[in-house]
1. Roughly how many Å² is the accessible area per residue of the range 1-123, as a whole number, for a 1.4 Å probe?
2. Could you put Glu211, Glu491 in order of accessible surface area, largest first, with the 1.4 Å probe and the full protein assembly present?
3. Can you work out the FRET efficiency for the pair Ala129 and Leu51, with r the C-beta to C-beta distance and R0 = 30 Å, to the nearest 0.05?
4. Rounded, prolate or oblate: pick one for the range 411-476, where a ≥ b ≥ c are the square roots of the eigenvalues of its C-alpha gyration tensor, a/c under 1.5 means rounded, and failing that, prolate if a/b is larger than b/c, else oblate.
5. Between Leu303 and Asp78, 0.36 nm times their residue separation minus their Cα-Cα distance comes to what?
6. Calculate, for Ser70 and Ala543, the FRET efficiency according to 1/(1 + (r/R0)^6) with r their C-beta to C-beta distance and R0 51 Å; round to the nearest 0.05.
7. Could you report the accessible area of Asp409 in Å², rounded to 10, computed with a 1.4 Å probe on the protein chains as they sit in the structure?
8. Extending each Cα 7 Å along its Cβ direction at Glu321 and Arg193, get the distance between those two points in nm, one decimal.
Amino acid sequence: MLALSLVAGVGLSIAAPLVVRRFIDAVSTVRPAAPLGALWGLAGLFLAVTLAAQAARLAASWLAQRVAWSATNRLRRDLAAHALGLDLGFHHAHPPGEMIERLDGDVGELAGAFSDVGLQIAGAALTIAGVVAVLLAQDWRVGALIGALALAAFAVLVATRNISVGAVALERQSRSQLAGFLEERIGGLDDIRANAGGAHVMGRLADVTGELGARTLRAGLVGRRVWVMTAAMFAASSLVALAMGVWLFQRGQASLGSVYLFVQYAAMMREPFYLVGSQLQAAQRAGASLQRIRGLLAQRPALADGAASELGDGAPAVSFEAVGFAYAGAPALAGVSFEIAPGEVLGVVGRTGAGKTTLTRLLCRLHDPGEGVIRLDGRDIRQAALPALRARIGVVGQDVRIFAASIRDNVSLFDPAADDARIAEVLRELGLGAWLARQPGGLGAEITAAGLSAGEAQLLAFARVFLKRPGLVILDEATSRLDPAADRLIERATDRLLAGGGRTAIIVAHKLETVRRADRIVVLEAGRIVETGERAALEADPASRFAGLLAAARGGALP
């Protein structure tokens, strides 16, 4: 439909001057003038053709917008899904602000190219081709000269079509860097203010925006060269059409209407040449964005998805077999081996930086170990499909992400199939029943992180795990930042979560109360297991490292 509308609009626009040529010839001939009715008929025909051409162009523009946004919105979804599948190392190197610019800003450039630039360039090419064809039919000499100029103009445009892609790509990169810079600084605003870092931030902002301004200026100047060349081509075509028309009219080989036709068609070529020249830079911007999109799509996840989609139910057995891992060459774990029986609770303790959180990330396959194997019920977790593996694991960490969405969506993580009665039951079970009753709209009430206490946010994270009902639970320092009252609620939620031995659990904890739930203890130090055994036995042995850590944590927090 878009192609038909575009061709119809161009064809009708080219036909309109032919009607005017007939009108001029009809009133300027030395023979008896045409009847007034015929002239009115030609005038009406010209009006109808002009209105139909505008209607066709309007339809083409509307359809182009539909095509552009439907295609690019699908591209946004594809890019977002691809980005979500990339490993944590990629996202650590590319902050959220930069990713937003790449997923939305670059795709927005393509939307503009499809709906405006592409449409205008295609219409311009059809107009120039149609004008040259009609001129050849009217007089081959005029058509040949104008056609030669058109070919020369397109040759220049093709030769220079990528002249500013590199400069524009650098500009787009600077825009992404600016977005990432702003996102990081706004996110850390409290720390910046508290430590009087405003002057430094403003200085860095000046550097980032200065680089963006310089690259934008360069990209604009490079692309401007194309516009200058197309303007010169238009001037040449207008001069040729006027000169040839006068020469043929003086020789009696062209009527006055034909001279008008030559000049009018040359004028009609002005807009296509101008559009091609002016929009080529926008097309180059889209080309640069397309390069960046291809670059993002070329990024391959470090984690290969497994094929096994069925991992069984219930509390699984977990085993680490000589597992080693390093972040960018810095060792985090080395030779870690242990087993957890189904329904057993393992406590993982150690000083900061010992590798505790790394261990849990490997189990969730946020990274893959560089050495060794991690098994779930005897199966290498790399053989499992990632959604199936992560569906069987529930994680509560110290940093809880609360979305600006309803309570229902925050607990169910946007699962439309989640049962409202079950969500409300879970919240009441965790001690949030009174809080829920105070919310206008109940489960449909909109909440934000700013409107919740740390304890309420942590309990919502527990609610997610209760609703999910996983067989393996990981509590990663889930009570490290709570006040005593909130801590008691979390302790009660943890008791209910682990009650009855129906779940295997790993507790990464700094607090004595939480560690005492563990059946066995693993003590990590510098990425290695330095002690493991039954919790009660290690606690009773004053020479054990675990007993030493507990003694050093008399206030409840391990070092």
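The values are calculated or read from the model by the stated rules, or taken from the named source; none is laboratory data. All figures in this text were calculated on a predicted structure; none of them were measured in a lab. Ideal geometry is used to build each Cβ from the backbone, glycine not excepted, and the neighbour counts take in all protein chains shown. When the accessible area is computed, the model is the full protein with side chains, heavy atoms only, and any ligands, DNA or RNA have been set aside. Shrake-Rupley method; radii C 1.70, N 1.55, O 1.52, S 1.80 Å.
1. Ligands and nucleic acids excluded, the result is 54 Å² per residue.
2. Ranked from most to least accessible, the order is Glu211, Glu491.
3. Calculated transfer efficiency: 0.80.
4. Oblate is the answer for the range 411-476, as a/c is 1.5 or above yet b/c matches or exceeds a/b.
5. Length gained between Leu303 and Asp78: 79.2 nm.
6. With a Förster radius of 51 Å, E is 0.15.
7. Only protein atoms counted, so the area is about 50 Å².
8. It works out to 5.4 nm between the two label points.
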